[in-house]
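To keep things clear, I will list the structure first and then write my remarks on it.
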Amino acid sequence: MTYEEVANIAGLDRETKNRYVEYMRKRWNDTEEQKCRDGYAGQWAQRFKLKYEYQASDPNGQSVLKEIDKNRQRRR
């Protein structure tokens, strides 16, 4: 299973799915299959779906989210 598949199962909209997948790959790219299999990726998908990914992230994760959001703003 992949982060994209987890996002689809969770019912994330396109923009949230893209942010979620980018975040997960930046944080845990080398353990994608394991994170999907053990349910951790699903937990994160729900955090993104319910819009509390910043609150659930540690300082490193918050930095990743800020970078993702800043880059997305530039592309608009």
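Each reported figure results from applying straightforward, stated rules to the coordinates on display, with no laboratory input. What you are looking at is a predicted structure, and each value in this text was computed from that prediction instead of being measured. Note: ideal-geometry Cβ built from the backbone for every residue, glycine included; neighbour counts use all protein chains shown.
Suppose only helical runs count, i.e. DSSP H with n ≥ 4. What mean residue ellipticity at 222 nm does that imply for the chain under -39500 (n - 2.57) per run, divided by all residues and rounded to the nearest 500 deg cm²/dmol?
On the way: 6 runs with 61 residues, N = 76.
Computed ellipticity for the chain at 222 nm equals -23500 deg cm²/dmol.
The charge dipole of the chain, taken about its Cα centre with unit charges on the Cβ atoms of Lys, Arg (+1), Asp and Glu (-1) only, comes to about 460 debye.
If you average 1/r across every pair of different Cα atoms in region 3-75 and take the reciprocal, what Kirkwood value do you get, in Å?
Details: mean 1/r = 0.0823 Å⁻¹.
Over region 3-75, the inverse of the mean reciprocal pair distance is 12.1 Å.
Our coupling estimate for region 22-35, obtained by passing each phi through the Karplus curve with A = 6.51, B = -1.76, C = 1.60 and θ = phi - 60°, is 4, 4, 4, 6, 6, 8, 9, 5, 7, 10, 4, 4, 5, 4 Hz, Gly and Pro reported as x. Along region 59-70 the Karplus relation, 6.51 cos²θ - 1.76 cosθ + 1.60 evaluated at θ = phi - 60°, assigns HN-Hα couplings of x, 5, x, 5, 4, 4, 4, 4, 4, 4, 5, 5 Hz to successive residues, with x for each Gly and Pro.
Between the listed residues W28, T2, L65, the Cα displaced farthest toward the positive end of the dipole of the chain, a dipole computed from Cβ unit charges relative to the Cα centre, is found at L65. Remark: relative contact order (the chain) = 35 percent; criterion is Cα-Cα distance under 8 angstrom and separation of 6 or more residues. Label-to-label distance for N60 and E15 is 2.9 nm, based on points extended 7 Å past Cα in the beta-carbon direction.
Of the residues T2, T16, the one with the fewest other Cβ atoms within 10 Å heads the list, and the complete ranking is T2, T16. Tell me the angle of helix 40-49 to the major Cα principal axis of the chain, expressed in degrees between 0 and 90 and rounded to the nearest ten. Roughly 40 degrees, rounded to the nearest 10.
The alpha-carbon of K70 sits under 25 angstrom from the alpha-carbons of these lysines, leaving out residues fewer than 8 places away in its chain: K17, K26, K49, K51.
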